[in-house]
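*Asks:* Quick one: structure below, then a few questions.
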Amino acid sequence: MITAAAAATLATSTLFVGPVPATAAGCGYEATTTVHLRSGPGSGYVSLGLLREGDRLGTPKAKRGGWWKTFTMDRTASGIKAGKTGWVKKPYLRKSVCMQLD
């Protein structure tokens with residue numbers, strides 16, 4: 001049997017961890033739909049492959065005329081290797097947010 005005093009001690013002891021704070025950290029961008037990753041800033045440039053919705057891309061290295069130079073963070077759903085650099089039209093990208101536990 002636990003006494004009231006023992007229960008109070010347990011409730012306030014260091015065994016209680018409590019909620020872990022989380023912070024939102026920028027994690028680059030992701031494709032909003034199926035879109036070409038291009039070799040240059042325009043639809044006339046060669047397609048390096050297709051990005052699918054949710055494919056993760058790094059923070060843009062350059063911006064030109066509504067096109068962003070970026071890179072794949074992981075192997076894409078269509079098979080483009082991680083680290084491949086190319087250009088994507090900005091309207092087809094959205095900022096990704098990752099949660100980081102502190």
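The values are calculated or read from the model by the stated rules, or taken from the named source; none is laboratory data. The structure displayed is predicted, hence computed values, not measured ones. Every residue, glycine as well, gets a Cβ built from its backbone with ideal geometry; the counts of neighbours run over all protein chains shown.
*Asks:* Let me confirm something: among 101, 37, 93, which residue is loosely packed, with under 13 Cβ neighbours inside 10 Å, aliphatic (A, V, I, L, M) and touching a residue at least 40 places away in the same chain (Cβ under 8 Å)?
*Replies:* None of the others qualify; the one that does is 101.
*Asks:* Can you list the strands (runs of 3 or more DSSP E) lying wholly within segment 23-102 that have 1 or more residues being within 15 Å of the chain's Cα centre (by Cα) and modelled with pLDDT under 95?
*Replies:* Result: 93-101.
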